[in-house]
Amino acid sequence: MSSALKNLSDFKHTTISTAAGIRVGIVVAEWNIEITGALRDGAINTLLKHGVIESDIVVIYVPGSFELTYGSQLLCEDKTIDTVICIGCVIQGETRHFDFICDAVAQGITNVSLKYNKPVIFGVLTPNTLQQAQDRAGGKHGNKGDEAAVTAIKMAQLKKSYETRLVNA
Ligand code: RBF
């Protein structure tokens, strides 16, 4: 599985400049909270480690992953927020709803990202088993919340640098 091969949770191969000044929204699905809580904590720790100020992190909760789209839209409407991380966990074995939920969230947050012209990060685990989720939420395959945080910082910085270039052009 790709995530077993590509563990970005230690950033040896990733360069990143200080993220001070970036304001980050995090929307967390409460379904499978033992997993999504660990992903949230990983994301917050990584943001702080890279210089994001604690008061610049806004966390909200939605009942399930399906609601991440709406939650991300609420956060995107806040003009002070630069980027939004969506955190969820949909376990395949549990439900026929798996495909509907995963497709809806992936498409939904893509649409929100484009509508608001802000990076919205897909931090949703879609494992076959709870064990696979645990392996990726602070277990042997790292913490995908860390990776979502790095992606959010990089994308927010990309947007800022591009906007600066446009202003100076
Ligand atoms: N939400 C998740 O985040 N992960 C799940 O594994 C999950 N499984 C669900 C299974 C069923 C049968 C249903 C009805 C909902 C499930 N949800 C899950 C909740 C879903 O994302 C959403 O909160 C609800 O469908 C209400 O819109």
(message) Looking at the chain only, what percent of DSSP beta bridges run antiparallel? Nearest 5 please.
(response) 10 percent
(request) Show the residues, 5+ positions off or on another chain, whose built amide H is closer than 5 Å to the amide H of V58. (result) V24, G25, I26
(request) Please calculate how many Å² of accessible area the chain carries per residue, with a 1.4 Å probe and no DNA, RNA or ligand atoms counted. (result) 53 Å²
(request) Over the range 23-168, with every protein chain in place, what whole percent of the accessible area is carbon and sulfur at 1.4 Å, could you tell me? (result) 56 percent
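Could you work out the local net charge near D56, counting Lys and Arg as +1, Asp and Glu as -1, over the other residues with Cβ closer than 13 Å to its Cβ?
So the environment of D56 carries a net charge of -2.
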(request) Please identify which residues in the range 108-134 have an amide N closer than 17 Å to a label point set 7 Å out from the Cα of Y162, following the Cα→Cβ vector. (result) 110-122
(message) Using only DSSP helix segments of four residues or longer, with each worth -39500 (n - 2.57), what per-residue ellipticity at 222 nm results for the chain after dividing by its residue count and rounding to 500?
(response) -15500 deg cm²/dmol
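The values are calculated or read from the model by the stated rules, or taken from the named source; none is laboratory data. Everything quoted here is computed from the prediction, not taken from an experiment. Reconstructed Cβ throughout: ideal geometry from the backbone, glycine too, with neighbour counts over all protein chains shown. These accessible areas exclude ligands, DNA and RNA; they are computed on the full protein's heavy atoms, side chains included. Shrake-Rupley method; radii C 1.70, N 1.55, O 1.52, S 1.80 Å.
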